[in-house]
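First comes the structure, then the notes that go with it.
The values are calculated or read from the model by the stated rules, or taken from the named source; none is laboratory data. Quick caveat: nothing in here was measured; it's all calculated off a predicted structure. Quick reminder, even Gly has a Cβ in these numbers, built from the backbone with ideal geometry, and neighbours come from all protein chains shown. Note: accessible area is taken over every heavy atom of the protein model, side chains too, but ligands, DNA and RNA are not part of it. Shrake-Rupley method; radii C 1.70, N 1.55, O 1.52, S 1.80 Å.
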Amino acid sequence: MKRIFLILLLFKTFGLLAQNDVTTVNLDTWGKDDRFHKYENTLALFKVQGDTIKSLDFEDLRPAVNIIIKKPIGYKNYAYGFLFFTGSNNYKNQGYVTVLVGDYNTVNPTMWVDVNQNFDFTDDEKIVMPYYYQKGVEIVLPNAQNNAGGNKVLLTRTMLFGKLDLRKYKDEYYQYYYKDRIFIGLDFTYREQRYLAKTGIVKLNDDSFRIALHDGNSNGKFNDNDTDKVIVINYNDSIFDTTNDLFASKLSADKKNNYFEKNGKIFEIIEADAAGTFIKIRPSNSDLLFGKIAEGKKIPKVNITTHKGEKKNLKKLRKQQVFMYFTSLTSKNFEKDTAILRKIAAIDSCNIRVIMFLYTNKSYTVRIYGSQSKANYTVALGHKVLNKKLGIRGLPQTLLVGKRRKVIKYGITPEEYLNQLIKQ
């Protein structure tokens, strides 16, 4: 009896340990992705004639249909437009939420967003819209099946001052493709910026970073396989880059693929909430290579660009040991690690080469850093091709390569490598 009790106790203990290994991260903040500031998306508005509007045919790809609406009274003129949102439930204009604007040619027009999709704007919230340079308004579009999920949209007055070519192009575009309705002009429209990421902070004993679930198909759900992504960035960063596989990992129906790497550690994605309110992760001891090159295998031919603009090929360093350090200016331990890189580079410059690959959104930052730091090692530009060829999936990361370009090991910290060299 005592033996059975001990066995049950062991099972319970190991079960608790496994459960406690899982970290639940609350995603309670809307985050900006790489497209938030980059794109100039316009919420086009067309004049309402009577009580009828036309559905969005999107450049004649589907026939437009007439829709009868109910307008709030007391306004001299009305305009309508559509917000793209695939989480809406509207058979007349699938994939879009209709908005109505009253007195659109005044300083602060009034907008109603038909969130309940009944084309009756008298039961929708009244929103006062901004004039130029005034603070924008934020609108949440809830998913029809799960109101806890959704997308947030920031609307500000369209400002194309000094952008004459873009202004001309947009005016001509709406007038050409939507001849069956009256475009009210760019000056009375709004710029549309999307919050598609729900974000939170991962706090571990020795580390912290930001994590997000990203809605890749704009339906207000955050766990669609092969579309939605888990994105991680450094704690001091604010923009979630959806295009860079250093930071973004697609959710997959195959649980073997639901991993991401951060600060040299691999994490398994246990659960992503459909509404984007939380994500569950845990550190993984998996021996998956995760795109890395196996020890003893040769790295492929890789071209690099130094901060001076010089083009070099790593195959020329086949007679030397090469310590590669992949990082960004906001990576964990950046200052400490770069100081140690100087010590490594000074030990034996004939047989050991050090290359720091700096990742940044602006390539000139690499040039500036390389010039101002006066590093005694090579400073080069980090890029996506490099990631793919060398299996780099997170920052910071290191790769030690021996003679004949054969992989010795990934993940040795600069401090660990320096200690190895000193002991030799």
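Below is a table of values for the structure above.
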item	result
Residue ID - most open to solvent (accessible area, probe 1.4 Å), chosen from residues in the stretch 199-217 that are out of contact with any Lys or Arg (no Cβ under 8 Å at 6 or more places or on another chain) and part of a strand (DSSP E or B)	Lys203
Any hit, the stretch 331-342, residues being in contact with a helix residue (DSSP H, G or I) (Cβ under 6 Å, 6 or more places away or on another chain) and open to solvent by 10 Å² or more (accessible area, probe 1.4 Å)	yes
Tally, over the stretch 381-424, of residues that are within 24 Å of the chain's Cα centre (by Cα), assigned to a strand (DSSP E or B) and within 21 Å of Ile347 (Cβ to Cβ)	1
Any pair with Cβ under 6 angstrom, 6 or more apart, that starts in the stretch 381-409 at a residue that is open to solvent by less than 10 Å² (accessible area, probe 1.4 Å) and ends at one that is assigned to a loop (DSSP other than H, G, I, E, B) and among the charged types (D, E, K, R)	Gly391/Lys292; Val407/Glu295; Val407/Lys297
Filter result (touching a Leu at 6+ places or on another chain (Cβ under 9 Å) and closer than 23 Å to Gln94 by Cβ) within the stretch 23-43	Thr42, Leu43
Test for Ile355: is it closer than 20 Å to Gln420 by Cβ, part of a strand (DSSP E or B) and not acidic (Asp, Glu)	yes
Subset of the stretch 220-235 [open to solvent by 20 Å² or more (accessible area, probe 1.4 Å) and either more than 21 Å from Asn333 (Cα to Cα) or in a strand (DSSP E or B) (or both)]	Lys221, Asn223, Asp224, Asn225, Asp226, Thr227, Lys229
Entirely in the stretch 236-292, the strands (runs of 3 or more DSSP E) that have 1 or more residues that are touching a residue at least 24 places away in the same chain (Cβ under 8 Å), of a type outside the set (Val, Ile, Thr) and touching a Gly at 6+ places or on another chain (Cβ under 7 Å)	259-262
Selection count, the stretch 293-342, where residues are farther than 30 Å from Ser208 by Cα and not in a loop (DSSP other than H, G, I, E, B)	13
Selection status of Asp103, open to solvent by 20 Å² or more (accessible area, probe 1.4 Å), within 14 Å of Ile127 (Cβ to Cβ), free of Cβ contacts under 8 Å to residues at least 40 places away in the same chain and of a type in the set (Asp, Glu)	yes
Selection status of Ala375, in a strand (DSSP E or B) and either out of contact with any Leu (no Cβ under 6 Å at 6 or more places or on another chain) or surrounded by fewer than 19 Cβ atoms within 10 Å (Cβ to Cβ) (or both)	no
Complete set of residues in the stretch 156-198 that are part of a strand (DSSP E or B), over 30 Å from Asn26 (Cβ atoms) and within 31 Å of the chain's Cα centre (by Cα)	Arg157, Tyr190, Arg191
Residue identified as more than 23 Å from Asp273 (Cβ to Cβ), buried (at least 18 other Cβ atoms within 10 Å of the Cβ) and not aromatic (Phe, Trp, Tyr) among Leu155, Leu141, Leu196	Leu155
